[in-house]
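Remarks on the structure that follows.
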Amino acid sequence: MSERENLFSETAGGVPPVIMEARHVTKKFTTAGGRPLLACSDVSLQVRKGQTLGIVGESGCGKSSFVKMIVQMYPPTEGEIIYNGKDITKFKGEELRQCRRKIQMVFQDPAAAFHPKMKIMDIVTEPLLNFRLIKKSEKEAKAKELLRMVDLPEDFVYRFPHNMSGGQRQRVGIARALALEPEIIVCDEATSALDVSVQDRVIELLVKLQKEKGISFVFICHDMALIQSFAHQVAVMYLGNIVEVLPGSEVAANAKHPYTQAMLGAIFSTKMDFTKKIESIESEAPSPADVPPGCPFQNRCDRCMEICRTQKPKLTEIGPGHQAACHAL
Amino acid sequence: MDLLNVKDITVTYGRNPRPTIEHFSLDMKEGEIVSIVGESGSGKTTVIRAILGLLPGGGKVDQGDILFQGQSLLNLKKEQWRELRGSQISMIFQDSGAMINPIRRIGDQFVEYIRTHQKMSRKEAWNKGVEMLEKMRLPSGDTIMRNYPFQLSGGMRQRVGIAMSMTFQPKLLLADEPTSALDVTTQAQIVRQFMELRESYGTAMIVVTHNIGVAAYMADKLIVMQYGKVVDAGTRDEVMNNPASEYTKNLLAAVPEMGGKRYV
Amino acid sequence: MQKKSNVFVKNKMFTILLILAVCIGLVAVFAPFIATHDPAAAVLTDALKAPSGDHWFGTDKLGRDLFSRVIYGTRVSVSASLILVACIFLVGSILGILAGYFGGWVDAVIMRIADMMIAFPGMVLAIAVAGILGPSITNAVIAITLVSWTKYARLARSLVLKMKNCDYVEAARVTGSTTIHILVKYMFPNVTPTLIITAATDIGSMMLELAGLSFLGFGARPPMAEWGLMLSEGRAYMQNAPWMMVFPGLAILIVVVIFNLLGDSLRDVLDPRDE
């Protein structure tokens with residue numbers, strides 16, 4: 001057990017191996033008016049074995065589009081996503097379906113993520129039946145086992161989703177994602193619909209499962225304080241671009257990009273000095289259909305220079321495990 | 001005299017014997033900001049709905065009284081409510097976009113809103129609307145008046161909502177999760193806007209939110225609710241630094257903090 | 001069981017109409033026991049007799065007992081209408097689901113065909129199709145199906161489009177559900193309640209369309225006892241033997257009204273929004 005733990009903990013010296021890598025992923029949509037919308041622009045990220053990659057950003061920053069490509073809801077316009085040595089974005093038909101076994105997802109709204117007329121038992125075992133991994137007669141026993149994993153009472157298998165609280169439903173969502181014993185679980189704002197105390201326990205559960213099973217999480221979130229509390233790596237996205245990547249433990253002290261700092265300044269904390277005026281940049285993000293040339297953050301940045309208006313900064317290493325895309329750094 | 005006294009009210013809905021809020025009391029002076037925090041089902045929204053006489057379907061105040069400037073709000077007639085709402089007490093919702101008709105221009109609705117409360121020409125009402133929008137730091141109010149709600153961002157819609165509710169400089173502003181649908185940087189801007197309103201108009205506010213950080217930042221007084229009951233109440237510093245109840249302590253501990261507890 | 005009886009107690013109108021509809025069904029099933037005469041037996045000496053104790057609804061130009069023919073007509077008219085509605089329902093919902101779910105060229109092809117169908121007046125197109133296929137009750141059903149599925153397809157398509165990007169359908173894809181599984185287990189059950197309500201309200205008008213085609217000579221052929229055809233046969237004798245048109249007409253009226261009202265009240269019972 002201790003050996004296993006060592007393998008996945010950061011303190012073990014060696015960094016766990018990369019199991020999935022997005023390379024230069026770009027996604028363009030066409031808006032209803034026919035204008036191009038750049039949801040993701042040249043996104044390169046790595047997911048490491050047994051670790052959590054947190055992606056944080058405000059609405060419209062492209063974080064959801066990015067993970068939808070990881071779970072293969074749609075393919076990228078350009079770039080590739082390498083998993084097990086293969087570009088999964090090229091998969092089709094049965095090959096694609098088999099690949100889904102290893103990459104599962106937990107959705108944002110636990111009220112919308114389940115077929116309203118299915119019982120919990122059928123919901124959590126549907127993935128297993130899809131791949132014919134269990135017989136119909138084993139359904140009930142397996143469902144109870146899955147509920148035990150997420151600390152729910154076994155007799156919930158007979159319930160319907162609408163007879164449960166938000167936190168309980170989100171646990172069912174996690175149980176469903178666990179059913180196929182995936183290597184990667186993508187969580188799309190998995191706790192933002194929950195109350196804080198429930199959120200606290202769901203995160204504890206996820207971290208416990210990660211340690212036990214060595215699962216990698218890709219966790220999208222808009223709450224910087226939450227994501228830095230459990231992600232090994234945090235990637236900050238702004239208007240489709242990764243602007244900074246750094247270890248979760250360093251976000252509080254070492255974040256360098258002006259946008260990351262603006263987000264940190266806007267956080268209301270229970271331990272803040274309430275008499276101090278809250279800092280925040282005054283403007284709002286432009287629409288993703290109107291990204292300016294050069295640095296995407298130029299119009300809101302107080303350190304904006306001449307070069308920022310014309311040349312887009314590249315993501316460059318500025319410290320160990322720390323990258324940022326900014327001309328001023 | 002206090003601006004608002006809520007005296008030991010109990011609210012029930014329909015035939016449900018269990019009250020949604022029980023023995024809730026609150027005294028507010030002019031210009032004071034009170035935050036009510038609680039998780040879903042705590043009854044925090046019911047409190048402000050009761051104050052504004054807007055309890056939905058079968059909800060009623062069974063016990064206690066609500067006094068606004070010494071006058072009871074419980075048995076007002078429709079006419080009296082119309083005079084009070086908007087001009088003395090107004091309300092802001094989580095998404096002001098939901099409050100505005102999506103297929104009508106902002107300006108049409110703003111003008112109509114102003115003219116239901118005060119006799120003036122369309123032109124005057126329009127100018128008044130533009131003036132209010134610009135006071136809320138919306139650039140070029142005239143353009144915004146000509147826009148449809150969907151053409152504005154969430155933050156801009158929320159400012160429009162605040163502008164409308166502040167038109168007649170109400171004494172009391174009730175805000176139901178006013179920043180919950182917004183991004184963090186926008187949230188900070190809107191919170192700042194609220195604080196400026198109090199400074200320039202002396203508006204008292206009741207802010208209902210699940211975000212404890214926002215609640216504490218804005219509040220003079222803080223109320224924590226659970227299952228319809230007040231579990232903690234007092235000045236901000238009392239509640240934040242020395243919470244009386246176990247529930248509040250746990251709630252504060254569960255809020256993720258920058259550089260605070262790490263789960264891994 | 002408790003829940004079921006509640007539905008009936010709460011919806012008295014629906015219960016009454018349902019009982020009436022069942023009665024119509026029973027009339028069709030037990031026609032031989034209800035009819036007083038053989039509906040096909042022509043007794044030329046009794047031709048065009050007014051209603052009397054022996055022939056309750058009178059007789060037609062061939063001396064056949066009208067009461068028996070109206071009773072037997074229930075079999076043809078009701079069963080043909082039900083089969084017709086079932087056909088339209090299946091064809092329309094399947095094509096609509098496919099168009100909505102797959103989108104792209106599948107959607108384009110199906111919906112353009114549907115547009116073409118809508119561009120023609122339905123009855124005219126049905127007459128043309130029935131004319132080409134030759135007159136028979138089966139061909140009339142096919143003809144009306146061909147022109148009427150579009151409404152169901154559009155409805156099913158819009159429901160599927162609304163649902164296709166729901167979290168729980170995406171979840172089904174992520175958990176490795178096959179496309180067939182999603183179509184059968186997710187899409188079909190979700191469109192059926194709305195479509196069934198539409199179908200129930202359509203039974204009446206479909207019956208009228210069938211009767212109309214038969215009346216025009218493109219549906220049932222003599223000597224079949226079918227209400228539309230009987231109306232058509234009675235038309236020539238409207239002045240001296242009005243009962244030949246009155247009784248089949250009344251039968252159509254009663255059955256259409258019952259099924260229409262049943263459809264309406266079914267909407268109140270089944271309305272998914274009430275849940």
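Read-outs throughout are calculated quantities, based only on the coordinates presented, and are distinct from any laboratory measurement. For clarity, every value in this text was computed on a predicted model and none was experimentally measured. Cβ sites come from the backbone with ideal geometry, for glycine too, and all protein chains shown count toward neighbours.
Observations on the structure shown:
- DSSP bridge analysis restricted to chain B gives an antiparallel fraction near 50%, rounded to the nearest 5.
- Helical mean residue ellipticity (222 nm; -39500 (n - 2.57) per DSSP H run of 4+; nearest 500) of chain A: -8500 deg cm²/dmol
- Using the Cβ-Cβ distance between residue C:133 and residue A:162 with R0 set to 35 Å, the FRET efficiency works out to roughly 0.10.
- Rounded to the nearest 20, the Cβ-based charge dipole of region C:2-274 about its Cα centre (Lys and Arg +1, Asp and Glu -1) stands at 560 debye.
- Relative contact order for region A:189-309, counting Cα pairs under 8 Å that sit 6 or more residues apart, in percent: 17 percent
- Formal net charge of residues neighbouring residue C:255 (Cβ-Cβ distance under 14 Å; K, R +1; D, E -1): -2
- Rounded Å value of the spacing that divides the Cα centres of region C:120-174 and region C:207-275: 22 Å
- Cα-Cα pairs of the protein assembly as shown separated by more than 47 Å (percent): 41 percent
- For residue B:234, residues with placed amide H under 5 Å, excluding near neighbours: B:222
- The fraction of Cα-Cα pairs per 5 angstrom bin, counted from 0 for region A:111-181, comes to 3, 20, 34, 26, 13, 3, 0 percent, rounded to whole percents.
- Prolate/oblate/rounded label for chain B (Cα gyration tensor, a/c 1.5): oblate
- Residue pairs, from the table A:68/A:139; A:102/C:164; A:136/C:185; B:7/B:44; B:7/B:78; B:60/B:229, whose Cα atoms sit over 19 Å apart: A:68/A:139; A:102/C:164; B:7/B:78
- Counted over chain A, the DSSP beta bridges are approximately 60% antiparallel.
- Radius of gyration over Kirkwood radius for region B:93-167, both on Cα atoms: the Rg/Rh ratio is 0.92.
- Figure legend: label point modelled 7 angstrom from the Cα of residue A:272 along Cα→Cβ; residues of region B:229-246 with amide N under 19 Å from it are B:236-241.
- Take the Cα of residue B:112, step 7 Å toward its Cβ, do the same at residue A:213, and the gap between the two points is 5.3 nm.
- Charge-dipole axis of the protein assembly as shown as Lys and Arg at +1 and Asp and Glu at -1 on Cβ define it, positive-most pick from A:190, C:77, C:231: C:231
- A cysteine counts as unpartnered when no other cysteine's C-beta lies under 4.7 Å of its own; in chain A this applies to A:40, A:61, A:99, A:187, A:221, A:326.
- Cross-link partners of residue A:312 among lysines, defined as those whose alpha carbon lies under 19 angstrom from its own and excluding same-chain residues fewer than eight positions apart: A:27, A:28, A:256.
- When DSSP beta bridges are restricted to pairs lying wholly in the protein assembly as shown, around 55% turn out antiparallel.
- Label-point separation, residue C:29 to residue A:311 (7 Å along Cα→Cβ), nm: 8.6 nm
- Residue A:133/residue A:30 FRET efficiency (R0 45 Å; Cβ-Cβ; nearest 0.05): 0.70
- Computed from backbone phi, the HN-Hα couplings of region C:222-237 come to x, x, 4, 8, 9, 4, x, 5, 5, 4, 4, 5, x, 4, 5, 10 Hz, rounded to whole numbers (Karplus: 6.51 cos²θ - 1.76 cosθ + 1.60, θ = phi - 60°; Gly and Pro given as x).
- 5 angstrom amide H check on residue A:186, placed H, neighbours 5+ away: A:104, A:105, A:106, A:218
- Rounded to 0.05, the FRET efficiency of the residue C:38 and residue C:79 pair, given R0 = 22 Å and the Cβ-Cβ distance, is 0.65.
- Straight-distance crosslink candidates among aspartates and glutamates, where the alpha carbon sits under 13 Å from residue C:61 and sequence neighbours closer than 8 are dropped: C:46, C:233
- Couplings for region A:219-236, taken from phi via the Karplus curve 6.51 cos²θ - 1.76 cosθ + 1.60 with θ = phi - 60°, read 10, 8, 6, 9, 9, 4, 5, 5, 5, 6, 7, 9, 8, 6, 10, 10, 10, 9 Hz in order; Gly and Pro are left as x.
- Calculated over region C:2-274: convex hull of Cα atoms, volume per residue (Å³): 154 Å³
- For chain B: relative contact order, % (alpha-carbon pairs under 8 angstrom, 6 or more apart): 26 percent
- Taking N as its residue count, the alpha carbon Rg of region B:1-95 over 2.2 N^0.38 Å: 1.06
- Remark: relative contact order (region C:86-172) = 47 percent; criterion is Cα-Cα distance under 8 angstrom and separation of 6 or more residues.
- Here the label points at residue B:25 and residue A:204, each 7 Å from Cα along the C-beta direction, are separated by 3.6 nm in the simple model.
- Highest mean first, the peptides B:81-94, B:239-252 sorted by other C-beta atoms within 10 Å per residue fall in the order B:81-94, B:239-252.
- Helical runs assigned H by DSSP (4 residues or longer) give chain B a calculated mean residue ellipticity at 222 nm of -11000 deg cm²/dmol, each run adding -39500 (n - 2.57) before division by the residue total.
- Across region C:185-192, coupling constants 3J(HN,Hα) worked out from phi with the 6.51/-1.76/1.60 Karplus curve, θ = phi - 60°, read 8, 10, 6, 4, x, 7, 8, 4 Hz, and Gly and Pro carry x.
- Under-5 Å amide H pairs with residue B:38, H placed in peptide plane, nonlocal only: B:209, B:225
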